[in-house]
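The values are calculated or read from the model by the stated rules, or taken from the named source; none is laboratory data. Note that this is a predicted model, so its numbers are computed, not measured. Cβ sites come from the backbone with ideal geometry, for glycine too, and all protein chains shown count toward neighbours.
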């Protein structure tokens, strides 16, 4: 079977849309449609049911999709291997990272990396909700606030991210400065809004001082740590914020300084198949150097 037709089918199956498949492949929707129609004619089966809301795989489509998943991964692996045959790191490197860490800490430090590796182009994907599958090369390496849970992944601990409670002077002037954890019962709390995420520990302000009682209700829940910091900066309440983020906004005031918030270990993770990748090694060495001053102490 023609790989071009299979590639169009695979992209449409993943996207659930001919239009999105065309955008991913860099071809027109009509070209994707023609290739899928030709594939269906060649196989003598229908691969999709067409609905107003998108494409739905038929039983035959599901069977073919399982095969094309392996083929697509093999094609990505081959492309990655070719990139790393060059003498110097070059080509594209797909990196995933949490939104807040990527925006506030990583991006401002990328200037040195770009100057050192002008032929290496980063595709930085910041997301708190989606964990890119490194074994399927959805991303080639990742910065995560939790350890890898698969045997075929290599990880290096970069440091520990410390968090603490913060507010702004304007908020504290109006609502008062809490002196004990129990005083937070009378304050507006900003919490992380996804209980299924490891980052739900960022709802520390709801739990501290409530060991024998339900968590205090949050005035605002948001599933993005960077947005939590912006909400604190806007005077909306008190939240648990990473210290490295708070340092970017010097006007933030630490609340209950005798109480220490949760910490998160920061890891650089990549597939074992890329252990010899010059591109991954260059980015790993850059991160290792940048986090060296923070290795012995939590990132404060």
Hey, could you check segment 262-271 for residues that are surrounded by fewer than 21 Cβ atoms within 10 Å (Cβ to Cβ) and modelled with pLDDT under 95 and say which is farthest from the chain's Cα centre (by Cα)? 262
If you check residue 158 against the conditions, is it under 17 Å from the mean Cα position of the chain (by Cα) and in a helix (DSSP H, G or I)? no
Of all residues in segment 139-155, count the ones that are outside any strand (DSSP E or B) and touching a residue at least 12 places away in the same chain (Cβ under 8 Å). 8
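If a residue must be outside any helix (DSSP H, G or I) and either surrounded by 14 or more Cβ atoms within 10 Å (Cβ to Cβ) or modelled with pLDDT under 85 (or both), how many such residues does segment 47-73 contain?
Residues in segment 47-73 being outside any helix (DSSP H, G or I) and either surrounded by 14 or more Cβ atoms within 10 Å (Cβ to Cβ) or modelled with pLDDT under 85 (or both): 10 in total.
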Restricting to segment 91-128, count the residues that are in a loop (DSSP other than H, G, I, E, B) and surrounded by fewer than 18 Cβ atoms within 10 Å (Cβ to Cβ). 3
Taking the condition of being out of contact with any helix residue (DSSP H, G or I) (no Cβ under 6 Å at 6 or more places or on another chain) and closer than 17 Å to residue 70 by Cβ, how many residues in segment 5-42 meet it? 2
